[in-house]
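The values are calculated or read from the model by the stated rules, or taken from the named source; none is laboratory data. The structure displayed is predicted, hence computed values, not measured ones. Glycine gets a Cβ as well: all are built from the backbone with ideal geometry, and neighbour counts include every protein chain shown.
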Amino acid sequence: MRYALLMHHAEVTDADVDAEMMAQGRAAFDEYGKALVAAGVLVSADVLQPSTATVRVSVRDKMPTVLNGPLETSAEPLTGTIVIDVDDLTAARHWAEKCPAAAWGTVEIRPVATSLVNGEWTS
């Protein structure tokens, strides 16, 4: 079963933390990514641009509205996504607990309902 690990934490830039801390964080994610690959569970992983780059689109009564910036309802912005394919929620929790982002934020685990694979929707 596929699960999305949604990383939520304060956004930081190179200017926010010293070079050593940034290097440690990148190394931790590199090690985590390699572990996901070695276990054969990684489907995809993305680090998102800062939330200030967000553009939101909604359509009401066939009229589109485009807004710049993230939703204001979240205390911690969505900063990245990882999709894994594992046997069950217990396995997904195992990988979420190992995610470096869990140390400074929250990793939300959400089951994937459908996936687009090779141009075909699957459940």
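Before moving on, here are some points about what is shown:
- If you check A91, A53 for being modelled with pLDDT of 90 or more and either of a type in the set (D, E, K, R) or surrounded by 10 or more Cβ atoms within 10 Å (Cβ to Cβ) (or both), only one passes: A91.
- Residue under evaluation G40, criteria (1) over 30 Å from L89 (Cα atoms); (2) out of contact with any strand residue (DSSP E or B) (no Cβ under 8 Å at 6 or more places or on another chain); (3) at pLDDT 90 or above, criterion not met: (1)
- When we screen A91, A96 for residues that are among the aliphatic types (A, V, I, L, M), within 21 Å of A113 (Cβ to Cβ) and touching a Leu at 6+ places or on another chain (Cβ under 6 Å), the only hit is A96.
- In summary, L42 fulfils each of the numbered conditions (1) within 18 Å of H8 (Cβ to Cβ); (2) of a type outside the set (V, I, T); (3) touching a Gly at 6+ places or on another chain (Cβ under 9 Å) with the single exception of condition (1).
- Extreme residue, surrounded by the most Cβ atoms within 10 Å (Cβ to Cβ), among residues of region 15-47 that are in contact with an Asp or Glu (Cβ under 9 Å, 6 or more places away or on another chain) and without any contact (Cβ under 8 Å) to a residue 40 or more places away in the chain: M22
- Scanning region 94-113 for residues that are over 12 Å from the mean Cα position of the chain (by Cα), surrounded by fewer than 16 Cβ atoms within 10 Å (Cβ to Cβ) and not charged (D, E, K, R) yields a total of 6.
- Tally of residues being under 15 Å from A92 (Cα atoms) and of a type in the set (A, V, I, L, M, F, W, C) across region 43-63: 2
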